[in-house]
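Enquirer: Starting off with a structure, shown below.
The values are calculated or read from the model by the stated rules, or taken from the named source; none is laboratory data. All of these numbers come straight from a predicted model, not from anything done at the bench. Glycine gets a Cβ as well: all are built from the backbone with ideal geometry, and neighbour counts include every protein chain shown. Only protein heavy atoms, including side chains, enter the accessible area calculation; ligands, DNA and RNA are left aside. Shrake-Rupley method; radii C 1.70, N 1.55, O 1.52, S 1.80 Å.
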Amino acid sequence: MNLDLWIPQSVQWTLAAIVALLVFASVVVALMRRGDAADKHVELAARVKSWWALVAVFAVAIAFRRGVAIAFFAVLSFLALKEYLSLIPTRRADRRVLFWVYLCVPIQYWWIWQHWYHMFLIFVPVWAFLFVAALMVLRGDTKDFLRAAGTLHWGLMTMVFGLSHLAYLLVLPDGQPTAAHGAALLLFVVLLTELNDVAQYMWGRTLGRRKVIESVSPKKTVEGLLGGVLTTTLLSFLLAPVLTPLTATDSIAVGLMIGIGGFLGDVTVSAVKRDIGVKDSGALIPGHGGILDRIDSLLFTAPLFFHFMKYFYF
């Protein structure tokens with residue numbers, strides 16, 4: 001397939017830069033583990049290897065027609081929702097309700113495929129919200145009803161509705177399939193979100209002293225948060241002319257939004273994991289944990305970025 005037909009050169013060059021960065025990181029890690037240090041930095045090496053796989057999967061997904069990319073995010077939503085529901089205790093009475101919860105995934109992404117914006121907006125927060133609650137009531141079990149309903153609704157709002165905003169970027173503006181332009185917007189928000197996580201981690205490790213919210217995420221520091229947000233804002237300012245139609249002022253606003261939103265998404269999922277007593281949501285991605293551990297920031301940044309673009313540009 002000719003990638004020029006689906007992906008603009010700006011996206012191709014950005015992906016090439018990411019690959020170059022991964023090559024550099026792989027060489028650095030290999031040098032760090034030479035000789036007697038072979039048994040050290042095992043987690044770091046696993047993280048870099050996983051990033052290779054993640055970047056490859058993402059690049060392949062957006063290289064195809066928009067239908068393939070939308071299907072990719074539908075599968076990602078399904079796996080994230082499944083991982084979440086495997087961690088959260090559910091009532092026996094709700095086992096059959098779970099079928100309808102999972103069915104919401106393909107339905108939500110069908111609206112995107114049909115570029116039906118209004119159904120995309122209201123299906124999960126209105127129709128699925130009411131339908132799932134009604135099904136639970138009809139089961140006749142009122143014990144722990146509020147906790148169980150909140151568990152399912154929160155999973156749908158984040159893992160399905162929140163994440164699906166990434167896929168809808170591929171069909172902006174309304175009804176006008178823009179695979180190439182959408183791929184650039186998609187790469188922009190995903191790249192900034194992931195780099196924000198890395199930047200906050202690096203700044204926190206090097207300069208971190210004061211804890212932000214120790215009871216939820218003990219390793220998060222004020223210095224890491226501020227350093228990450230400022231780094232993400234600078235990257236947004238530099239990358240926006242390459243991948244987006246954002247003005248200089250708007251690129252700064254988006255950088256601040258993604259930096260802060262990514263932090264809030266991260267600590268929110270951390271609060272969920274701490275509540276149920278687990279460190280990682282899974283072990284699917286070596287060095288990272290589970291799917292939720294990797295996409296937690298995107299659950300917040302995806303809808304924030306999407307609606308900023310939708311309101312001001314499309």
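Enquirer: Would you say Ala45 is in contact with a helix residue (DSSP H, G or I) (Cβ under 8 Å, 6 or more places away or on another chain), without any contact (Cβ under 8 Å) to a residue 24 or more places away in the chain and in a helix (DSSP H, G or I)?
Expert: no
Enquirer: Right, another one. Suppose the filter is over 30 Å from Arg274 (Cβ atoms) and in a helix (DSSP H, G or I); does Leu156 pass it? Before you say what the answer is, go through the steps one by one.
Expert: Working: over 30 Å from Arg274 (Cβ atoms): no; in a helix (DSSP H, G or I): yes.
Spelling it out, it is not the case that Leu156 is over 30 Å from Arg274 (Cβ atoms) and in a helix (DSSP H, G or I).
Enquirer: Every residue in segment 203-220 that is in a loop (DSSP other than H, G, I, E, B) and within 21 Å of Lys273 (Cβ to Cβ), please. Before you say what the answer is, go through the steps one by one.
Expert: Of all residues in segment 203-220, those in a loop (DSSP other than H, G, I, E, B) come to 208-210, 212-220.
Listed by number, the residues that qualify are Gly208, Val212, Ile213, Glu214, Ser215, Val216, Ser217, Pro218, Lys219, Lys220.
Enquirer: If you don't mind, there's one more thing I want to ask. Looking at segment 237-249, which of its residues are surrounded by fewer than 18 Cβ atoms within 10 Å (Cβ to Cβ), touching a helix residue (DSSP H, G or I) at 6+ places or on another chain (Cβ under 7 Å) and over 18 Å from Ala199 (Cα atoms)?
Expert: Restricting attention to segment 237-249, the residues satisfying the condition of being surrounded by fewer than 18 Cβ atoms within 10 Å (Cβ to Cβ) are 237-238, 241-242, 245, 247-249.
Going one step further and asking which of them are touching a helix residue (DSSP H, G or I) at 6+ places or on another chain (Cβ under 7 Å), we end up with 237, 242, 248.
Matches in segment 237-249: Val242, Ala248.
Enquirer: Just checking, how many residues over segment 137-151 are exposed (fewer than 14 other Cβ atoms within 10 Å of the Cβ) and not in a loop (DSSP other than H, G, I, E, B)?
Expert: Count: 5.
Enquirer: Take the residues in segment 237-280 that are in a loop (DSSP other than H, G, I, E, B) and polar (S, T, N, Q), then tell me which one is nearest to Ser217 (Cα to Cα).
Expert: Taking segment 237-280 first, the residues in a loop (DSSP other than H, G, I, E, B) are 244-247, 277-280.
With polar (S, T, N, Q) added as a condition, the list becomes 244, 247.
Details: Thr244: 33, Thr247: 35 Å.
Among residues in segment 237-280 that are in a loop (DSSP other than H, G, I, E, B) and polar (S, T, N, Q), the one nearest to Ser217 (Cα to Cα) is Thr244.
Enquirer: Any residue at all in segment 177-198 that's over 28 Å from Gln9 (Cβ atoms), without any contact (Cβ under 8 Å) to a residue 24 or more places away in the chain and not hydrophobic (A, V, I, L, M, F, W, C)? Can you show your working first?
Expert: We begin by selecting, within segment 177-198, every residue over 28 Å from Gln9 (Cβ atoms); these are none.
Within segment 177-198 (the criterion being over 28 Å from Gln9 (Cβ atoms), without any contact (Cβ under 8 Å) to a residue 24 or more places away in the chain and not hydrophobic (A, V, I, L, M, F, W, C)), the answer is no, since none of the residues qualifies.
Enquirer: Related question: Among the residues in segment 213-236, are any open to solvent by 40 Å² or more (accessible area, probe 1.4 Å) and under 14 Å from the mean Cα position of the chain (by Cα)?
Expert: Looking for residues that are open to solvent by 40 Å² or more (accessible area, probe 1.4 Å) and under 14 Å from the mean Cα position of the chain (by Cα), one finds none in segment 213-236, hence no.
Enquirer: Also: Return the residue satisfying two criteria in turn: it lies in segment 242-293 and is acidic (Asp, Glu) and under 17 Å from the mean Cα position of the chain (by Cα), and of such residues it is modelled with the highest pLDDT. Let's see the steps before the verdict.
Expert: Taking segment 242-293 and keeping what is acidic (Asp, Glu), we get 250, 266, 275, 280, 293.
Imposing the further condition that a residue be under 17 Å from the mean Cα position of the chain (by Cα) reduces the set to 266, 280, 293.
Working: Asp266: 92, Asp280: 72, Asp293: 85.
Among residues in segment 242-293 that are acidic (Asp, Glu) and under 17 Å from the mean Cα position of the chain (by Cα), the one modelled with the highest pLDDT is Asp266.
Enquirer: Picking from Trp127, Trp111, Trp100, which residue would you name as being part of a helix (DSSP H, G or I), touching a helix residue (DSSP H, G or I) at 6+ places or on another chain (Cβ under 7 Å) and either closer than 13 Å to Leu156 by Cα or acidic (Asp, Glu) (or both)? Step through it out loud before you land on a result.
Expert: On the way: Trp127 fails: touching a helix residue (DSSP H, G or I) at 6+ places or on another chain (Cβ under 7 Å); Trp111 fails: either closer than 13 Å to Leu156 by Cα or acidic (Asp, Glu) (or both).
Step by step, each of Trp127, Trp111, Trp100 is checked, and only Trp100 is part of a helix (DSSP H, G or I), touching a helix residue (DSSP H, G or I) at 6+ places or on another chain (Cβ under 7 Å) and either closer than 13 Å to Leu156 by Cα or acidic (Asp, Glu) (or both).
Enquirer: Checking the conditions here, which among Val60, Val19 is surrounded by 12 or more Cβ atoms within 10 Å (Cβ to Cβ), at pLDDT below 85 and not basic (Lys, Arg)? Break it down into steps so the answer makes sense when it comes.
Expert: Working: Val19 fails: at pLDDT below 85.
On inspection, the qualifying residue turns out to be Val60.
Enquirer: Next question, about the same structure. Somewhere in segment 163-182, is a residue hydroxyl-bearing (Ser, Thr, Tyr), assigned to a helix (DSSP H, G or I) and open to solvent by 10 Å² or more (accessible area, probe 1.4 Å)? Give the derivation first.
Expert: Residues of segment 163-182 hydroxyl-bearing (Ser, Thr, Tyr): 164, 168, 178.
Checking which are assigned to a helix (DSSP H, G or I) leaves us with 164, 168.
Next cut, open to solvent by 10 Å² or more (accessible area, probe 1.4 Å) only: none.
No, every residue in segment 163-182 fails to be hydroxyl-bearing (Ser, Thr, Tyr), assigned to a helix (DSSP H, G or I) and open to solvent by 10 Å² or more (accessible area, probe 1.4 Å).
Enquirer: Being open to solvent by 80 Å² or more (accessible area, probe 1.4 Å), touching a helix residue (DSSP H, G or I) at 6+ places or on another chain (Cβ under 9 Å) and not aromatic (Phe, Trp, Tyr) is the requirement here; does Val160 meet it? So that I can check it myself, show each step before the final result.
Expert: Values: open to solvent by 80 Å² or more (accessible area, probe 1.4 Å): no; touching a helix residue (DSSP H, G or I) at 6+ places or on another chain (Cβ under 9 Å): yes; not aromatic (Phe, Trp, Tyr): yes.
No: the conditions fail for Val160.
Residues checked against (1) at pLDDT below 95; (2) more than 19 Å from Ser251 (Cβ to Cβ):
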position: Val160; (1), (2): no, yes
position: Ser164; (1), (2): no, yes
position: Leu172; (1), (2): yes, no
position: His181; (1), (2): yes, no
position: Leu186; (1), (2): yes, no
position: Glu194; (1), (2): yes, no
position: Ala199; (1), (2): yes, no
position: Trp203; (1), (2): yes, yes
